[in-house]
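Reading through the structure tokens given below for one structure.
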Amino acid sequence: DAKGTIREIVLPKGLDLDRPKRTRTSFTAEQLYRLELEFQRCQYVVGRERTELARQLNLSETQVK
């Protein structure tokens, strides 16, 4: 601060700054179109519908989630 006091920043234990960031998925225009259509129809795609949509779009179920 302005008085020259040193402060210590304490980060949450769950915040692992040493691990590499995961890469973001780059969706194709077709994948985005289909995902947005499904989202408009139903915000939470689960079970067999998620599995099938992931297979059709060549994505993992986590990416569809």
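The values are calculated or read from the model by the stated rules, or taken from the named source; none is laboratory data. Predicted model, so just to flag it, every value in this text is computed and none were measured. Each accessible area value is taken on the protein alone, full model and side chains, heavy atoms only, with ligands, DNA and RNA left out. Shrake-Rupley method; radii C 1.70, N 1.55, O 1.52, S 1.80 Å.
Relative to the longest principal axis of the Cα atoms of the chain, helix 29-41 runs at roughly 80 degrees.
Taking only protein heavy atoms and a 1.4 Å probe, the accessible area of the chain is 52% carbon and sulfur. Can you tell me the accessible area per residue over the chain, all protein chains present, probe 1.4 angstrom, in square angstrom? On a per-residue basis, 100 Å². Counting only residues at least eight positions apart within a chain, or on another chain, the lysines with an alpha carbon under 25 Å from that of residue 21 are 13, 65. Straight-line reach from residue 3: which lysines have Cα under 23 Å away, leaving out those fewer than 8 places along the same chain? Once the sequence-local lysines are set aside, nothing remains near residue 3. Placing one equal scatterer on every Cα of the chain and applying the Debye formula, the log10 ratio I(q)/I(0) at q = 0.12 Å⁻¹ is -0.52.
The heavy atoms of residue 46 offer some 90 square angstrom of accessible surface to a 1.4 angstrom probe.
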